[in-house]
Amino acid sequence: MAEGLTTDERAKELFGTGQTDAANISAVNAPVKMKVSDLNVYYGEAHAIKNVSIDIAEREVTALMGPSGCGKSTFLRALNRMHDLTPGARVTGNVTLDGENILGAGVDVVDLRQRVGMVFQRANPFPKSIFENVAYGLKIQGGYSAGELRAIVQRSLERAALWDEVKDRLNQSALSLSGGQQQRLCIARALAVEPEVILMDEPASALDPIATLKIEELIEQLKQNYTIAIVTHNLQQAARVSKYTGFFLTGNLIEFGETTEIFSRPRDKRTEDFITGRFG
Amino acid sequence: MSAIAGEGRATQAPARRDARQARRARARIADRVMTGVFWGASIGVGLLLLYIIIYMLGKGLSVISWDFVTKYDASGNYVGAQVFNSFYMVVLALLICIPIAFSAAIYLVEYARQGIFTTILRFAADTLAGIPSIILGLFGFLVFVTVLGTGRFMGYSRLAGALTLVMLNLPLLLRVSEDALRAVPNELREASMSLGANKFKTIWRVMLPTALPALTTGVILTAGKMIGETAALIFTAGSSAPVNGWFSLDPLYPGQTLTILLFNLQAEGGGPNAVQIQNGVATLLILFLLVFNLGLRYLAGALSKRLSGVK
C-alpha cells in the first residue's frame, strides 16, 4: 500500500468516492427518539458531513464508527448543537427530538442541552470538588435546596457506578481522581440534569482496558433509562455495547443497521473491509 | 545511529572507538560547563537580591518604629501620611483597574470576533504598556491636575494619582488577564455549555474561577508596579501630605506616597536625618509589598476554595 496517504486518501484509493443513498438504509424498526435527515455540516469551506440520515432508537445504544477524521464526532456534536460554539461551522438539514425540530433559530439551546447531555473524549471535570462537579448543572438552573442537591448528586454518582469510590471524599478536588473515575464523574455530571439522550464522544478512548470495561458496563445499564449515541473507532466496543451501528467514511454514512447485521452480513464492501481490519 | 548500533560489537576498529570516546568526553564537558553557567547565573541573581534585601533591612529595621509611622515630631521623622497614601492609592487604583481589565479581557476572549479590531486593541495595549511612566505622569498632570483641576475640582490629589496609576497599569493587567482566560481549556467551556449553561454562567462559574490563580498573579504584578511607581505620581499625587487628618478617606487630598517622599528626600534634602528616614522608608516599602502580596494570595486562595467547594 502506498505510504504517505491520509486515511481519507487511502479509503478513496481502496473504494472510490461513491456516495451512498443513505435515506433508505437509516430507518430503525423501533420507537425513534431522534431523527436526523439530510444533515450537512460545513467548517468554512470544508464539507465535513454529507447528507446523513439516521434514526436514533429510544432507550437503545446507537454506535457511530469509522476511521479517524470520518466525521463521526462532527455528526454527534450536531445533535445537541455544540457546533454553535465553533466559529465558522454551519449545519443544514433536519434533526428532531421527539418529533420537534432542534436546529431552528427559535430553539432554546439551553433546554436542548439539558435534554441531550454529552460526555467528551477526554474526561473534562471542572477544577472543583467532586460534589460541585455533579451539582453544576443543577446549580446553574437554580432552585434546588441543599438537601435536594445532595440527593441528586448521590443518585447520579450511584448511576455512574462511582458512588462507593467517592462517597467519603465528595469535598475533594475532582482532579484527584484517576482518569477512569474522572470519566465516570463526567457521566454522573451529565446524568444529574436528567437528560433523555446522552451523547458519548469516544468516552473510553483515553482509558486503560479495565476502566474501559467499567464504562461499557455502565453504558449497558444506562440504556434502560436513556437513549445513547456513542462514537467509537473501536470495533469491538461498537459490537459489544450497541444495538444499532452506523459506519462513516469521509463524511458519508456508508451503512446503517442493526449491529449484529452490520458485523455478520455487511452489505457494503467498504464496511466489510473496515470491520475485517483491512484499513482504519 | 551507527554509533549506537555498533555498540558492543567486538570487531570494532580501535580508531573508531577512540573517536567515539572523544566525542562523548567533549559532550560531557560541554554539559558540565553549561550546567555550571546556569547554576552560577541563578545563584548570582539570588545572592544579589538577598544582599539588597538584607542590606536594606539591616539599615532600615532599626529606624522603623511605631513612632516613626504615627508620631509627628519637629524633625520630620514621620511617615504615617505617606504609608497611608501609598496604601490608599494602590487600593483605589486597583478598584478602578481590575473591573475594567477583567471585563475587557473577557470581551476579548469570549465575545469579540477575532480580527483587525482586536489586533489593533492588543497592539495598542502592548505599546501603552511600554510607555515610560514619566510621560503618562505628565499626561495625567495635564488632564487631571490642570484641566480637571480648574476650579479646584481635583488638583494634586490621591484621585489624580490613582487615575494615572490606572492608565499606566491597565494595559499590563488586561494582557495578563487575557492570557489567563485564554489558558482555560476549551473542554471546560464545552462541558459547561453541554450541561445547559449559557455563556454568562459559563464565564462566571467556570472561566473566572479556573483562571483565578493566574488572574491573581496579574493583580499582584500590577500592585507591585503601582506601589513602586514614582515618576508618574510626582506631578499628579503631589509632593505634599497633609499632616492633619492624613487618615482621611477624601480622594481629593494631596497624596505624597512613600516613593515620592524617598525621591524628595534625595532631590531636595530632608534635614540631618534624611538618610535615616530614607532607610526606614525603603524598608517599609519592602515590608509593605510583602504584606500586600501575601494578603492578595491569601484572599485569592480563600476565594478559590469557596468557589470550588474543595475542603
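No value in this document is a laboratory result; all are computed from the given coordinates. These numbers come from a predicted model, not from an experiment. A quick note on method: Cβ atoms are made from the backbone with ideal geometry, for glycine too, and the neighbour counts reach across all protein chains shown.
Per DSSP H run of n ≥ 4, the term is -39500 (n - 2.57); total these for chain B, divide by its residue number, and report the mean residue ellipticity at 222 nm rounded to 500 deg cm²/dmol.
-23000 deg cm²/dmol
How high is the FRET efficiency between B:ILE286 and A:ARG278 when r is their beta carbon distance and R₀ equals 60 Å, given to the nearest 0.05?
Using R0 = 60 Å, I get an efficiency of 0.25.
With the crude spin-label approximation of a point 7 Å out along Cα→Cβ, what separation in nm comes out for A:ASN171 versus A:GLN236?
My value for the distance between the label points is 4.3 nm.
Could you give the spread of the C-alpha atoms of region B:13-145 along their three principal axes, from largest to smallest, in whole angstroms?
Taking max minus min along each principal axis of the Cα atoms, region B:13-145 gives 87, 56, 26 Å.
Please give the FRET efficiency for B:TRP66 paired with B:LEU221, using the beta carbon to beta carbon distance and R0 = 35 Å, rounded to the nearest 0.05.
0.65
Residue separation times 0.36 nm, minus the C-alpha to C-alpha distance between B:ILE131 and B:ASP250: what's the value?
That pair, B:ILE131 and B:ASP250, stretches by 39.9 nm at full extension.
Can you give me the span-like helices of chain B, meaning DSSP H runs with 30 Å or more of Cα extent along the axis and Kyte-Doolittle mean at or above 0.0?
Helices meeting the criterion: B:14-60, B:80-106, B:158-182, B:274-308.
Going by C-beta contacts inside 10 Å, put A:LEU162, B:LEU289 in order with the fewest on the left.
Neighbour counts put them in this order, fewest first: B:LEU289, A:LEU162.
So what's the gap between the Cα centers of region B:184-258 and region B:157-180, to the nearest angstrom?
8
DSSP beta bridges in the protein assembly as shown, what fraction antiparallel, as a percent rounded to 5?
Of the beta bridges lying entirely in the protein assembly as shown, close to 60 percent run antiparallel.
What distance in nm separates the two pseudo spin-label positions at B:ALA214 and B:LYS311, each 7 Å out from Cα along the beta-carbon direction?
Spacing of the two 7 Å Cα→Cβ label points: 3.1 nm.
Once the piece of chain linking B:ASN186 and B:LEU57 is laid out straight, how much longer is it, given 0.36 nm per residue of separation minus the C-alpha distance between them?
Stretched fully, the B:ASN186-B:LEU57 segment lengthens by 41.8 nm.
Could you give the length gained by full extension between B:ASP179 and B:LEU47, i.e. 0.36 nm per residue of separation minus their alpha carbon distance, to one decimal place?
44.4 nm
What is the distance in Å between the Cα centroid of region B:85-144 and that of region B:274-311?
Taking the Cα centre of each part, region B:85-144 and region B:274-311 sit 23 Å apart.
Using a 10 angstrom cutoff on alpha carbons, build the Gaussian network for chain A and name the most mobile of A:ARG159, A:ARG189, A:ARG169.
A:ARG169
Using Cα pairs under 8 angstrom and six or more residues apart, how large is the relative contact order of region B:154-311, in percent?
Relative CO of region B:154-311 lands at 32 percent.
Between B:SER240 and B:THR119, what FRET efficiency follows from the Cβ-Cβ distance if R0 is 60 Å, with the result rounded to 0.05?
For B:SER240 and B:THR119, the calculated efficiency is 0.85.
Which value, in debye to the nearest 20, gives the size of the charge dipole of region B:182-311 about its Cα centre, when Lys and Arg are +1 and Asp and Glu are -1 at the Cβ?
My answer is approximately 820 debye.
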